[in-house]
1. Contour minus end-to-end for residue 501 and residue 194, with contour as 0.36 nm per residue of separation and end-to-end as the Cα-Cα distance?
2. For a paramagnetic label modelled at 7 Å from the Cα of residue 220 toward its Cβ, which residues of segment 175-195 fall within the zone defined by backbone nitrogen distances under 20 Å?
3. Taking Cα atoms of segment 86-138, Rg/Rh with Kirkwood Rh, to two decimals?
4. Would you mind getting me the FRET efficiency between residue 438 and residue 376? Use the beta-carbon distance for r and R0 = 25 Å, nearest 0.05.
5. Determine Rg/Rh for segment 323-404; Rg is computed over alpha-carbon atoms and Rh is the Kirkwood hydrodynamic estimate from the same atoms.
6. To the nearest 0.05, what FRET efficiency results for residue 248 and residue 213 with a Förster distance of 30 Å applied to their C-beta separation?
7. Let me know the volume per residue of the alpha-carbon convex hull for segment 326-457, in Å³.
8. Quick check on the chain: helices-only [θ] at 222 nm, where DSSP H runs of length 4 and up contribute -39,500 (n - 2.57) each and the sum goes over total residues. Nearest 500, please.
Amino acid sequence: MTRLKYFLFLFLIAGCDREIPNPIINPPVMDIPTTPTNLTVTLGDRTLYLRWQMPDTSSVTAYLIYRADGDGAEYLFIDTSLSLEYTDTNLHNDIQYGYRVSAINSDDVEGCLSNPVFGIPGLYVITINDGDLVTNVRNVNLSLIAPASAMYMMVSNSMDFADSLWEPYMDTKQWLLTSENGLKTVYAVFRDSLANSTEVISDDITFEILPYQYSIIANHRAEVAYSRNIELTISAPGGTSYMMVSDNPDFDGGQWEDFAISRQWFVSTQSADNRDTVSFYARFRDEYGDSVAIEVSDSIILVSSDPVELFDVYQPPDHYQSIQLQWSQSLSEDFYCYRLFRSRSSTSLDTIVVNITDITQTDFIDNINITDLTDSTPDSVYYMLRFYSIYGDSSDSDTILVILQNTQPSSVICFIRDIVYELNDLGNIDLSATIGWSRSNIPDFWHYVVYENTALDTTGAMPIGYVYDNQTLSFDIIKNNVDTLTVYYYWLKVFDIGGQVSEFSLPDSIYY
């Protein structure tokens, strides 16, 4: 309710001829809109695209956009938006802009400003083969233009960037188009040091297979090979008797051989590393030994040792005896083993935990059995998973940090029951009793210790019993020829596997 509506409401009440005894009207409390969250910026040419989220939009009528023109400048209101996004245009490239957003409701009450985000607009361009309209080979050259703020780029044949990875920005790049005839689109996106991504840009080129029947195809025109063993499919018209195949455009070391429609090729570790583009070339001779004036090629990206992803692990307090690790399955067809490494420091991962030769196994429980967590200070364990291929390729996952913490056990409740004083054959008094206690439910339980003293003082208390089963909740004592004037005091402590000990329980006593 606005202030005007509120006073009008009071006026109407005052003008009513029906008496209302002692009316008490409290002014309405204005609702303040919640603050927009997850504000992000996407980069463009003289343009920045803002998007945000709103926890509760029920009372929001608009969003106010504030901008700071330059580093350290004041945030000034520039515009409103009726949706959860805003496009700011006509900006200056290569200048940093800051943005904050607030919400306003139907009572014209403005909420708090969001956290700021920063972005630098710039010119981003991708060009295939210097702007050619047609190519007869899949392997093309990309020219990429981006401002100095660009740190990374990602290139793909699909708009969803499936199977693409971020890589350092470079102004040229060799690229492999998809295999089918027709118009091809190559997409690119860039990212700056603030982790802001650009809008997707693209360029087109038409791929036309030349109208002759000679070809060499790697792995059935797949874009990626997960093995160093490549299957080459070769075609040529009738009358072709010989071929020369090589992964070198100069055919160094190549030899003529009988024509065959299939050829296995091994890509050595000396000729290609992981994620290299490998090209294959073929020449042909007819049945008379004359060379055909044609040369064909195909390319494929060799993925020989992509690292697997070792997933983060959260360990609850007092769960430090075993750690369950999980990772993504390797896609390699040359898989040899996974090797898991562990360390108690971040400087080196020098302990091999396990060697796994089953590619489908993607988890492992490390029974670490730590026994030196004698205080509640968090301790660190580091893990890394290394992949090996049968040809010696290897790659390391990111190192993950697992935090372990051993908390002090809680004290139990001690009590004494079944107390019996009995006269023995010598005319002296024998004592029997049972000491009981509440169960400790800590996951790292080791044992209970029963203490005894003839004074109400834990300093001189001596252990008289050890119980290693946390389900056992009693301990029997028998004393012969006791002095009936002596009072016996009893306490318990709980010990955990990591080396922590509970406080003494409250005492209970036996007296005649």
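1. Taking 0.36 nm per residue and subtracting the Cα distance, the gain is 105.7 nm.
2. 177-181
3. Answer for segment 86-138: 1.32.
4. Calculated value: 0.65.
5. Reported Rg/Rh, Kirkwood definition of Rh: 1.02.
6. Computed FRET efficiency for residue 248 and residue 213 comes out at 0.80.
7. 200 Å³
8. -1000 deg cm²/dmol
Since every read-out is calculated from the coordinates, none of them should be taken as a lab result. Just so we're clear, the structure is a prediction, and the values are computed from it rather than from any experiment. Backbone-built Cβ (ideal geometry, glycine too); neighbour counts: all protein chains shown.
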